[in-house]
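Chemist: Here it is, the structure, as structure tokens.
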Amino acid sequence: MVVATIGIAIVLHVIVVQLIKRVTRRVSKMASQPEGSLAHNVASALGSASGAKPGRTVVHMTALAHLLKSVWTIVLVIVVILTVLSTLGVPLSPILASAGIGGIVLAFGAQSLIKDYLSGISMILEDQYGVGDQIDVGEVTGTVDAITLRITKIHDQSGTIWYIRNGQIMRVGNISQGYSTGLIDVPVSYDADVTVVTEVLTKVVEEVSQDPTITEKLIKPPQLLGVESITPTTMTMRILIKTAPNQQHGPSRDIRERAMAALAAAGIPSPMTQL
């Protein structure tokens, strides 16, 4: 009987875990369909119902799947242990009573552990971040590799893997949510004609706005803000771009290169030529 109970538990565990994985993959596939399609709308509705922010259905469902598997495993182990003890004829009432008293004692002695678990559950349910997000948690900035109820695993740019207890995370800056902005500063000589410089950069901005390889990453067309700062040798012009989360670096480099090339072609001196 004991062997049968354990065997059934193992089979049941595999079935539930595979079901969770299949549902997650299915929702992720639906969310990847064109926006406005029935599958995409259904996936978005499911994500919203589970607490996901707009556009984050896949990330949130993946994190939620980790949470469900962890909770399911804990519950199943407890049920199996109690069932086996009952099968062996061990009275459960004294054990449950002792467990209640032990739980109170453990709660006082393991407050930090309980805090980690509660923080992990809150972070996942509130969609503060998910696997694949780039986050800033204070001393560490990097990509989330894994989330469990107790720890968050982060991979930083140097390749170091950080294991951070969820209860120790006091604040989270999620770079992968919402949108990102890029500020592109273009330096020219202090003696350059502002009107001419503005015309050249305006033309660059217009060309960029018509380039599909760049606009696909932009939320709205680039904006020339004008003169940002002036020093005795340099006048700095600033261009603003708004992109999808963490996608500002590529367009920023491209626009900066185009701007410098256009200024040089127009004969506008750079600060270095004046030194």
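Chemist: Looking for whichever is charged (D, E, K, R), in contact with a helix residue (DSSP H, G or I) (Cβ under 8 Å, 6 or more places away or on another chain) and farther than 30 Å from His60 by Cβ here; the options are Arg238, Arg253, Arg258. Which one fits?
Modeler: Arg258
Chemist: Of the residues that sit in segment 216-246 and are free of Cβ contacts under 8 Å to residues at least 60 places away in the same chain and polar (S, T, N, Q), which one is nearest to Val204 (Cα to Cα)?
Modeler: Here the answer is Gln223.
Chemist: For segment 48-61, does any single residue satisfy the condition of being at pLDDT 75 or above and within 17 Å of the chain's Cα centre (by Cα)?
Modeler: yes
Chemist: Residues in segment 247-258: is at least one at pLDDT below 85 and either at positive phi or not assigned by TED's automatic domain parsing to the domain that holds Ile184 (or both)?
Modeler: No, there is no match, as no residue in segment 247-258 is at pLDDT below 85 and either at positive phi or not assigned by TED's automatic domain parsing to the domain that holds Ile184 (or both).
Chemist: Another one. For residues in segment 223-261 being among the aliphatic types (A, V, I, L, M), surrounded by fewer than 18 Cβ atoms within 10 Å (Cβ to Cβ) and farther than 13 Å from Leu183 by Cα, which is farthest from the chain's Cα centre (by Cα)?
Modeler: Ile230
Results for (1) surrounded by 14 or more Cβ atoms within 10 Å (Cβ to Cβ); (2) within 29 Å of Ile74 (Cα to Cα); (3) acidic (Asp, Glu); (4) at pLDDT below 85, shown as yes or no for each residue.
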{"site": "Val131", "(1), (2), (3), (4)": "yes, yes, no, yes"}
{"site": "Val137", "(1), (2), (3), (4)": "yes, yes, no, no"}
{"site": "Asp145", "(1), (2), (3), (4)": "yes, yes, yes, no"}
{"site": "Ser158", "(1), (2), (3), (4)": "no, no, no, no"}
{"site": "Trp162", "(1), (2), (3), (4)": "yes, yes, no, no"}
{"site": "Gly167", "(1), (2), (3), (4)": "yes, yes, no, no"}
{"site": "Val172", "(1), (2), (3), (4)": "yes, yes, no, no"}
{"site": "Ile175", "(1), (2), (3), (4)": "yes, no, no, yes"}
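Chemist: While we're here: Just checking, how many residues over segment 192-213 are in a helix (DSSP H, G or I), without any contact (Cβ under 8 Å) to a residue 24 or more places away in the chain and more than 22 Å from Pro232 (Cα to Cα)?
Modeler: 6
The values are calculated or read from the model by the stated rules, or taken from the named source; none is laboratory data. Every value quoted in this text rests on a predicted model; they were computed, and no experiment measured them. All Cβ positions, even for glycine, are placed from backbone atoms using ideal geometry, and neighbour counts span all protein chains on display.
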